[in-house]
Every structure is written in C-alpha cells, then in structure tokens.
Amino acid sequence: MGSLWQDVRYAVRTLALRPGFAIVAVITIALGIGANTSIFSVVNGVLLEPLPLHEPEHLVMPNVVAPTGFDISLSIPNFKDWREKNRSFASFGANARRSRTLTGGDRPEIVGVRLILGDYFETLGVPTALGRWIPSDDTWAGAAPTAVVTHRFWQRHLGGELDALGRTVTLDGEPFTVVGVMPPEFVFPSADTDIFVPMGYFSERMCWDARGCSQGTWAMARLKSGVTMEMAQADMDRVTREIAELEGNEVAVARLETLTHAYVGDIQSQIWILMGAVGFVLLIACANVASLLLARGESRRREVAVRTALGAGQGRVVRQFLTESLVLATAGGVVGVGLALAGVRLLVPSISDNVPSTMAGNIGLDPSVFFFTLGVTGVAGLLFGVVPALRASQSDLTVELKEGGRDTVGRVRQRLRSALVVSEVALSLVLLIGAGLMVQSLRQLQDVDKGFVAENVFTAEISLPALRYDTKESTWGFFEEFLDRIVALPGAKAVSLTNIVPLEGNSWERAIWAEGVPIEPETVNSVLYHMISPAHFEVLEIPIINGRTFDAGDREGTQLVAIIDETMAEKFWPSQDPIGKRVTFETAEESTEENPIRVYRTVVGVAKNVRHYELENPSRVQVYVPIAQSERSWTTAMSILVKTSGDPLAITDLVRRELSSMDSEVPLAQIETLEGYVKGALSSTLVVGSLLTVFSVLALALAAIGLFGLMSYSVAQRLREIGIHMALGASAGDVVRMVAWRGLAITLVGVGVGLFAAYGLTQLMGNMLFQVNPAEPLTYGAFSAFLMAVAVLAAYLPARRATSVDPAIVLREE
C-alpha cells in the first residue's frame with residue numbers, strides 16, 4: 001500500500017510539471033464520463049430501477065386485441081371471465097382513467113381519478129401509509145362511494161392531517177369517503193393520478209354487461225409462483241378460446257407483456273441507442289488520451305531507461321504509468337460528475353414528455369449511477385493507459401537506436417497512434433450519420449401532411465358535473481351557449497367543440513359497418529368517432545374533399561348524417577362516390593343486447609384524413625357526427641377549440657371568465673395550444689436527434705483534435721526530414737502535400753471502417769426513422785465528405801507550419 005501511495009504522489013508531481021497536458025487529458029476524459037453518466041442516469045431510472053411496486057418482476061399486463069386485430073381496452077365481462085377462469089394469476093385487477101371536478105376548495109379543480117376493479121391494490125402490493133385499501137369485494141356493482149388518495153393529494157387538499165380518514169371529497173358533486181392514503185413513493189399508474197374510487201359505484205352509467213363495449217379499462221395481474229410468461233400466455237389463450245366457444249363468435253384475446261415493458265414501450269430502444277452513442281464518445285476520448293500518453297511516453301524514454309538501469313523491472317514501470325493514467329481518469333471522473341449533474345438538470349425536463357411519469361422520478365445521480373461512474377472511470381483509465389504503459393516499459397536504448405534515433409519515433413508507436421486516430425474517425429462518422437438520419441426523420445415528420453392546421457388554435461377541456469348535468473339536453477344546452485359566448489370574444493375567429501383532439505392522446509372508437517355488409521364480428525371495422533360542432537372543420541382547416549360540412553340544420557329530428565374521411569371512403573366504397581351511402585355504428589334506444597336495432601347515417605361529406613394518434617401513421621377510418629344529432633352517444637366532457645388571430649393562449653383568461661360566469665364550479669382544464677400537441681408528438685424524435693447531434697459534434701471535435709495532435713507530433717518528429725527535402729529544392733506546396741497526405745490517408749481508412757460500421761448499426765434505428773432509409777446514400781456520402789474536409793483542415797495546419805522550417809537551422813541542430 002505504501003508503494004502504491006508513493007506511485008500516486010509521484011504521478012501527481014509528474015503531471016503537475018506538465019499542467020497543459022494534464023488539463024487537456026482531464027477535460028477530454030471528463031467529457032466522455034460526463035456524457036455517459038448523464039445518459040446512464042436515464043437508463044438506470046427508466047430501464048433498470050424496478051417500478052415502485054411489490055415484486056414488479058411478477059407483474060404482467062394483458063393487452064387486449066380485438067377480432068379486427070386492433071388494440072382496444074378491456075370490457076367488464078371479459079375482465080370478469082379472464083379473472084375467474086385463469087389458472088396462472090395470484091391476483092387480477094383493473095383500472096380506468098377519468099377526470100373529475102373537485103369542489104369544496106377555493107375554486108373547482110380537475111383531478112385525475114382511477115376507477116379500480118377487482119384485485120387492483122392486492123396486485124400492486126403497496127401498503128397504505130394511512131388507513132386501508134379498497135378491497136376487491138368493494139369494487140363491484142353497487143360499491144359504496146369510498147376513496148383512497150395519493151400522498152400528494154392528502155397534503156394539498158386534506159392538509160396532511162392524520163384525521164383525514166373519514167372525511168369526504170366531492171367529485172362532480174358526489175361525496176366520496178376517504179378510507180386510505182398511499183405512501184409518498186407510490187406514483188402509479190401515472191403522476192397525474194390523485195384519487196382511486198371503486199369502478200362498481202358507476203356501474204349503472206357504464207356498459208357493465210356488454211362484452212363488446214370497452215371504456216378505457218386496463219388490467220394487470222400478478223403471476224403465481226413458478227408460472228412463466230409463456231405458461232400464462234398459453235393459459236390465457238385457453239380462456240379466450242373457451243369464451244369464444246360460449247359466445248359462438250370471435251372475441252378479444254390477451255397478449256401478455258411485463259408491466260415494465262408496457263410502461264417503457266418504444267422509448268427503450270431510443271435510450272439504448274443514446275447509451276451506445278455516449279459509449280462511442282467515451283471510446284474516442286480514451287483514444288485521444290491514449291494518443292497523448294503515447295506521445296508523452298516518447299519524451300520519457302530516457303527516464304524509463306535510467307529507472308530500468310537502476311533496477312526497476314517492467315512490472316514496476318507499467319504500474320507507475322498505469323497509476324498516472326488512473327490519476328488522470330479519477331480527475332476526469334470528478335469533473336465528469338460535475339458535468340453530469342448539469343447534464344441531468346438539462347436532460348430531465350427535455351425528456352419528461354417521453355418518459356413515463358412513474359419512472360421519471362428515478363432519474364438522477366443515485367448510488368447506482370455513482371458506482372457506474374466509478375466503474376467507467378476505472379475502465380477508462382485502463383483503456384487509455386495500458387497500451388502506453390506497456391510501450392513505455394519496453395524502452396531499450398539499442399532498439400530505440402535501431403528504430404531511427406532520437407529524433408525519429410519508432411514505427412510501432414506511430415502505427416499505434418495512427419490506429420487510435422482511425423478508430424476516432426470511424427466512431428465519429430457512425431455518430432454523424434446516425435444524427436443526420438434522425439434530423440432527416442424529424443424534418444420529414446415536421447413536413448408531414450397532418451390533415452389539419454395547428455397554428456393559432458387554443459384548446460382546453462371542460463368537464464361538467466354529471467350529477468347536475470345528467471341529461472343530454474342539459475349538457476348540450478350548456479355547451480351551445482358556451483360556444484356562442486366564446487365566438488363573440490375579441491381575437492376568436494372560429495370556435496368548435498369536440499370529444500377528442502388530434503395528437504392529445506385521447507380517442508373514442510366504435511365498431512362500424514357499411515350498409516349492406518352483414519353485421520358480424522368478421523366484417524367489423526374500428527372507427528375513430530368524433531362528435532363535433534359545425535365549425536370544427538373551419539377551426540382546424542380540415543379540407544372537405546367531397547360533399548358538404550355540417551350546418552345548424554343538422555339537429556335531432558332531421559336526417560341522421562355523418563362525414564367520413566377519405567380513408568373510409570376508399571376502404572368502404574373504392575372507385576365509388578360515397579355521398580348518399582349509409583353507415584351504422586349505433587343502435588336505437590329500444591335496442592337490447594339480444595335484439596340490437598341498427599341506426600344508419602347518411603354520408604354527406606368526405607374530409608381529409610387527420611393523423612390523430614401519431615404523426616408517423618395515418619389514423620384508422622374516421623367518422624364525424626354533429627353533437628346536436630349524436631343520438632345515444634353523449635358526454636359531459638368536451639374540448640373547446642378556438643381559432644385565434646394572434647397568440648392562442650392570450651384568450652385563456654377571457655375563456656375562463658365566460659365559463660365561470662355560466663357555472664362557477666366548472667374549471668377550465670388542460671389548457672394548451674394545438675401546436676403544443678404537435679410538438680409533443682415530435683418530442684421523442686427531437687430529443688433523440690438533438691442528443692445524437694450533440695454527441696456527434698463532440699465526437700467530431702475530439703477526433704479532429706486527435707488528428708491534429710498526431711500530425712503536429714509527426715511534423716515535430718520529421719523536422720530533419722522536412723529540412724532535407726526543402727534543402728534539396730522542395731517547395732512549400734510539396735511539403736504541405738507530403739505532410740497532409742499522411743493525415744488524409746489515415747482519415748480515409750477511418751472513413752472506410754466508419755461506413756461499414758454505420759451501415760450495420762443504423763439498421764437498428766430503422767423503427768425510429770420516418771420515411772428515411774437507414775442506408776440513405778446521400779447522408780453517408782455527405783458526412784464522409786464533411787469528415788474528410790475536417791481532416792484535411794486538421795492536417796493542413798501542422799503541414800503549413802512545417803513550411804516555415806529553416807533547413808539550415810534544422811540541419812545545423814542535427
């Protein structure tokens with residue numbers, strides 16, 4: 001231990017004698033470690049840290065796939081049958097998200113409510129901080145109005161008081177008794193959840209007994225001990241087959257996945273790609289520092305020879321040089337942690353829209369991340385230190401003289417430094433091409449035809465208390481008066497109401513058939529269902545391709561009408577005029593499940609397809625109906641869209657004032673611009689593209705510095721050779737070409753290796769790219785040329801300096 005400490009002190013003293021070298025090396029390695037630590041904090045928080053639940057590795061989520069092949073939510077009859085008939089789950093629960101208006105405070109507020117069913121809390125296994133769960137038996141039809149609240153809600157609305165149990169909270173005018181408070185670390189299924197109430201309390205307002213009706217219910221289950229995912233999937237396949245036999249037709253099936261995978265989704269591959277990118281940056285940084293150490297080792301050959309002559313063995317010399325490398329790595333690690341702290345502060349807000357809120361709180365420099373940084377620091381020290389240490393320890397006066405004398409570096413060492421620069425160039429090119437592909441993908445997404453115009457559109461949600469607005473007449477009456485008030489506001493050009501907003505993340509789907517098609521599960525299509533006011537197409541500037549839009553005459557008592565999108569028109573009636581055709585997705589009031597009476601609507605218009613779910617893909621077929629003619633379908637929650645002449649958010653206070661004057665207990669919620677939702681849809685690609693660009697620029701800078709350092713050192717070692725050439729009549733241009741050609745040759749090799757590696761690695765990005773070929777030749781060629789230009793510049797500067805050599809002085813010194 002004493003000799004190790006002696007080596008450390010000697011290393012510090014030696015590095016202090018060359019502060020410029022030490023600072024450059026520390027900063028270089030700090031950049032690599034800081035970038036890796038920042039991204040690993042995301043990897044750790046999102047992918048490695050378990051969900052804040054009891055034994056989350058045993059939790060699975062059965063995704064529901066309709067007979068049509070589309071993903072849907074779970075109907076209550078299916079939930080009951082899956083829960084009762086399975087043999088693989090220890091518990092089985094479900095939840096559905098709702099927004100409710102909380103009253104009783106200073107002003108009304110929209111809160112996130114989860115309707116729970118079955119073994120919801122038993123499955124999650126997280127004990128309450130106060131009180132009790134709502135047990136499975138108390139969640140079914142006829143359930144009492146009880147509530148479990150989150151820790152955040154308890155503190156904000158119940159004062160964090162221990163006597164909160166037994167108090168009531170009023171949701172949409174209905175009182176619910178608080179029976180439990182969850183612990184502060186419980187953030188599930190999302191951070192916007194405030195209250196849990198039994199789904200069965202609302203059974204009379206839901207399609208409780210309709211197997212084909214799903215209302216946003218999602219299940220989760222806990223596997224029994226010893227049961228694998230494969231065994232559970234086979235078991236659920238058996239259950240759905242039995243249900244299909246009983247029903248006499250196809251039914252929805254379950255596709256199991258781990259709960260963690262369900263929450264992480266597609267972001268998993270994006271995070272690992274970013275981790276790979278910063279890994280490349282670290283390798284480039286290590287190659288740079290290794291190159292510096294090799295150059296420094298050349299200046300210490302005499303020192304090593306003297307130490308060897310005094311009895312120091314090769315192992316002792318290697319240990320000393322490795323100690324210096326680890327000292328540099330440690331200093332770089334310390335600075336890198338500081339950079340990572342700043343990086344995480346910048347990173348978390350930028351990725352918050354793309355990371356599940358359940359996991360976002362895990363992102364930070366916790367002990368796992370610090371241990372990772374410690375390991376990376378040690379590995380980096382070995383990576384850039386071991387080869388220079390071994391080369392330095394092999395110093396032998398006779399060999400050195402054979403390799404060319406005191407002014408000519410050994411060819412082996414030159415090859416090593418050249419190989420390091422080749423690797424830097426290759427890795428930089430891979431990152432540049434990856435970033436270029438992502439930027440192209442982002443540009444394609446930004447330019448994609450959304451089907452609507454997002455500029456200058458204000459959006460907000462209005463949710464009326466169902467207890468007071470319990471009929472369609474009272475609800476639609478309120479909304480129509482509200483529309484009249486808003487359209488009269490200064491700055492409002494057009495106003496509409498809709499049940500769903502493009503790219504907001506909500507949907508309302510129905511089963512639809514064209515007239516003349518048998519009403520069978522095999523012939524059904526899933527349609528995105530819009531209830532709108534007549535100005536909707538004007539507000540969003542959605543083109544009507546054929547027919548007409550809605551008007552004030554489309555009300556109850558008149559012919560039932562619908563507007564479809566161009567996708568439905570082509571799918572249902574290819575090469576035909578759809579105007580006047582009829583579709584059905586509703587049943588009459590007197591219908592029963594045993595005897596459904598279909599209601600048909602006449603198509604009066606065809607609208608352009610709107611990308612509702614995501615920008616990458618067009619939505620499924622869409623149908624629009626006027627809210628004044630919505631038959632049995634109605635809701636107390638609608639969104640208002642206002643086309644403005646200026647900043648959309650400037651009218652927020654005016655809209656809120658009008659709403660409050662109509663009903664002071666109705667809040668204005670989810671205030672956003674439509675452009676904000678578009679940016680949210682772009683955010684994932686934007687974040688990955690931006691980070692890859694930053695990392696590629698950093699890698700390019702490091703590679704250019706490495707090449708510049710190699711050429712500068714090469715020129716310094718070849719001054720005598722250059723002097724002789726100039727003495728024999730070589731021009732300045734000849735010298736520049738001679739020196740620059742070596743740098744260009746090294747770069748060409750690096751570009752060749754980089755192109756090969758990029759072709760293989762960018763294939764992994766295929767599912768992240770939109771209308772961009774992962775092997776797009778122009779991108780590969782452009783960045784190869786750009787990298788070559790940077791390399792020429794990095795080689796030209798030392799070459800130009802070489803032309804200032806005075807041959808007489810160099811030869812006299814020699």
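Odds and ends about this structure:
- For the pair Glu185 and Tyr600 in one chain, pulling the backbone fully straight at 0.36 nm per residue adds 144.3 nm over the alpha carbon distance.
- Environment charge at Leu707 (Cβ cut-off 12 Å; Lys +1, Arg +1, Asp -1, Glu -1): +1
- Cα-based Lys proximity count in the chain, under 25 Å, for pairs eight or more positions apart or on separate chains: 16
- Computed E for Ser690/Ser731 - FRET, C-beta separation, R0 45 angstrom, nearest 0.05: 0.45
- Fully extending the segment from Ile519 to Arg107, taken as 0.36 nm per residue of separation minus the present Cα-Cα distance, adds 143.5 nm.
- Axis of helix 2-17 versus longest Cα principal axis of the chain: the two differ by about 80°, to the nearest ten degrees.
- Residues of the stretch 612-650 with amide N under 11 Å of the 7 Å Cα→Cβ point at Glu480: 627-629
- Antiparallel bridge percentage (DSSP; both residues within the chain; nearest 5): 80
- Note that the stretch 526-540 has calculated 3J(HN,Hα) couplings of 8, 10, 7, 9, 10, 9, 9, 8, x, 7, 4, 5, 6, 4, 8 Hz, one per residue in order, obtained from phi through the Karplus relation 6.51 cos²θ - 1.76 cosθ + 1.60 (θ = phi - 60°); glycine and proline are x.
- Each Lys and Arg Cβ is given +1 and each Asp and Glu Cβ -1; about its Cα centre, the chain then shows a dipole of about 4980 debye.
- Within the stretch 548-692, percent of DSSP bridges classed antiparallel, to nearest 5: 60
- Here the stretch 413-454 and the stretch 559-621 have alpha carbon centers that stand 43 Å from each other.
- Efficiency of FRET from Cβ geometry, Glu122 and Gln559, R₀ 60 Å, rounded to 0.05: 0.70
- Estimated inter-spin distance, Ser575 and Asp366, nm [label 7 Å along Cα→Cβ]: 6.2
- Label point distance in nm, Gln6-Leu489, each placed 7 Å from Cα along Cα→Cβ: 8.0
- Carbon + sulfur, % of accessible area of the chain - ligands and nucleic acids excluded, 1.4 Å: 58
- Helix-derived mean residue ellipticity, 222 nm - over the chain, DSSP H n ≥ 4, -39500 (n - 2.57), to 500: -16500 deg cm²/dmol
- Computed 3J(HN,Hα) for the stretch 763-775, one whole-Hz value per residue from the Karplus formula 6.51 cos²θ - 1.76 cosθ + 1.60 where θ = phi - 60°, is 4, 5, 8, x, 6, 9, 9, 10, 6, 10, 6, x, 10, glycine and proline marked x.
- Full extension of the segment from Arg510 to Ser661, taken as 0.36 nm per residue of separation minus the current Cα-Cα distance, would add 50.8 nm.
- Its relative contact order, with pairs defined as Cα atoms under 8 Å and 6+ residues apart, puts the chain at 17 percent.
- Between the Cα long axis of helix 777-802 and the first principal axis of the chain there is an angle of about 30°, rounded to the nearest 10.
- Unpaired Cys in the chain, meaning no second Cys C-beta under 4.7 Å: Cys286.
- Rounded to 10°, Cα long-axis angle of helix 267-299 versus longest principal axis of the chain: 10
- Projecting label points 7 angstrom from Cα along Cα→Cβ for Ser357 and Glu55 puts them 3.0 nm apart.
- Ranking Leu497, Val42, Ile243 by how far each Cα lies toward the positive end of the dipole of the chain (charges on Cβ) leaves Val42 at the top.
- Projecting the Cα atoms of Val65, Gly689, Leu431 onto the charge dipole of the chain, computed from C-beta unit charges around the Cα centre, puts Leu431 farthest toward the positive end.
The values are calculated or read from the model by the stated rules, or taken from the named source; none is laboratory data. These numbers come from a predicted model, not from an experiment. Here Cβ is always computed from backbone atoms with ideal geometry, including for glycine, and neighbour counts include all displayed protein chains. When the accessible area is computed, the model is the full protein with side chains, heavy atoms only, and any ligands, DNA or RNA have been set aside. Shrake-Rupley method; radii C 1.70, N 1.55, O 1.52, S 1.80 Å.
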